[in-house]
Amino acid sequence: MNLKNKKIFITGADGFIGSHLTEKLVHMGADVHALVYYNSFNLWGWLDYLPHDVKSQLNVFSGDICEPYFVRSAIKKCDVVFHLAALIAIPYSYVSPESYVDTNIKGTLNVLQAARDFDIERILITSTSEVYGTAQYVPIDEKHPFQGQSPYAASKIGADRMAEAFYRT
C-alpha cells in the first residue's frame, strides 16, 4: 500500500515505536495525524525528540483513546489508522487492572468503531508477545494458544479478539 499523501492517524505516537513509525511516515510523504496521551505539561513523549523538520509536519492531537467522541473527531477524514496506544507496564497492571481494560480493550473498541463508521481504508492493530505467555513450543507462531499471565496480557488478548471480531464481521 502506497502511503504517500495518505492521511494517516497514529495512536500511541508518543511511545517509542509510535514515534519512529511517525517519523518514517513523514519521510514517506504521508499526512500524519499523531495522537499523544494528554498531559498538563503539553509534552509529546518520544515525539519531543524528533527533528524539528519532522515535528513541523505533524498534526498532533492530545487526548485519550478511552474517550469515544474524541477518537471519532480525530479519526474522521483519515485514510489509514495505525493503532499502537496501550497501557504497557505489566507490574502496574496488577495494581490497576481496570485501567488496562479501559485503555487496551475499550480504547481499541473506540478506534475500531470510529474506523468502521468513517469507512477507513485500512487499520493496523499492534499486539504483544505477552498474549502467548510462557512458550509451549518454539518458535512461537500465531497458532500458539493465548495465555493471559497478567492483567496486561489479558487486556491485550481482549483487544486482539475485539479487532478479530470486527475483521470477521
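The values are calculated or read from the model by the stated rules, or taken from the named source; none is laboratory data. It should be emphasised that the depicted structure is a prediction, and the values quoted were computed from it without experimental measurement. Neighbour counts are summed over all protein chains in view; Cβ atoms, including those assigned to glycine, are modelled from backbone coordinates with ideal geometry.
Some notes on this structure:
- S127 meets the stated requirement of being touching an Asp or Glu at 6+ places or on another chain (Cβ under 6 Å), in contact (Cβ under 8 Å) with a residue 24 or more places away in the chain and either among the β-branched types (V, I, T) or not in a strand (DSSP E or B) (or both).
- Lone unmet requirement of (1) hydrophobic (A, V, I, L, M, F, W, C); (2) in a helix (DSSP H, G or I); (3) over 30 Å from K7 (Cβ atoms) for I105: (3)
- Hey, A114 hydrophobic (A, V, I, L, M, F, W, C), closer than 21 Å to E67 by Cβ and either within 20 Å of the chain's Cα centre (by Cα) or assigned to a helix (DSSP H, G or I) (or both) or not: yes
- Conditions (1) surrounded by fewer than 21 Cβ atoms within 10 Å (Cβ to Cβ); (2) under 14 Å from the mean Cα position of the chain (by Cα); (3) without any contact (Cβ under 8 Å) to a residue 40 or more places away in the chain; number of the one not met by S56: (2)
- Answer residue from segment 86-100, given it is small (G, A, S) and surrounded by 15 or more Cβ atoms within 10 Å (Cβ to Cβ) and is farthest from E130 (Cα to Cα) among those: S99
- Boolean, N42 is more than 18 Å from K7 (Cβ to Cβ), modelled with pLDDT under 95 and not acidic (D, E): yes
Conditions (1) at pLDDT 95 or above; (2) within 21 Å of T126 (Cβ to Cβ); (3) in contact with a strand residue (DSSP E or B) (Cβ under 6 Å, 6 or more places away or on another chain), marked per residue:
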{"position": "N5", "(1), (2), (3)": "yes, no, no"}
{"position": "F16", "(1), (2), (3)": "yes, yes, no"}
{"position": "T22", "(1), (2), (3)": "yes, yes, yes"}
{"position": "L25", "(1), (2), (3)": "yes, yes, yes"}
{"position": "L47", "(1), (2), (3)": "yes, yes, no"}
{"position": "L58", "(1), (2), (3)": "yes, yes, yes"}
{"position": "H83", "(1), (2), (3)": "yes, yes, yes"}
{"position": "P97", "(1), (2), (3)": "yes, yes, no"}
{"position": "Y100", "(1), (2), (3)": "yes, yes, no"}
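- Positions within segment 33-57 being within 22 Å of I88 (Cβ to Cβ) and hydrophobic (A, V, I, L, M, F, W, C), in sequence order: A34, L35, V36, F41, L43, W44, W46, L47, L50
- Among the residues of segment 48-81, just one is closer than 13 Å to V36 by Cα, of a type in the set (D, E) and assigned to a helix (DSSP H, G or I), namely D48.
- For segment 48-64, the condition holds for at least one residue, the condition being that it is among the β-branched types (V, I, T) and over 29 Å from I157 (Cβ atoms).
- Considering residues of segment 1-32 that are closer than 19 Å to A89 by Cβ and among the small types (G, A, S) only, the residue surrounded by the fewest Cβ atoms within 10 Å (Cβ to Cβ): G15
- Odd one out for T169 among (1) out of contact with any helix residue (DSSP H, G or I) (no Cβ under 6 Å at 6 or more places or on another chain); (2) of a type outside the set (D, E, K, R); (3) at pLDDT 95 or above: (3)
- Residues of segment 127-149 that are within 24 Å of G18 (Cβ to Cβ), of a type in the set (S, T, Y) and surrounded by fewer than 19 Cβ atoms within 10 Å (Cβ to Cβ): S127, T128, S129.
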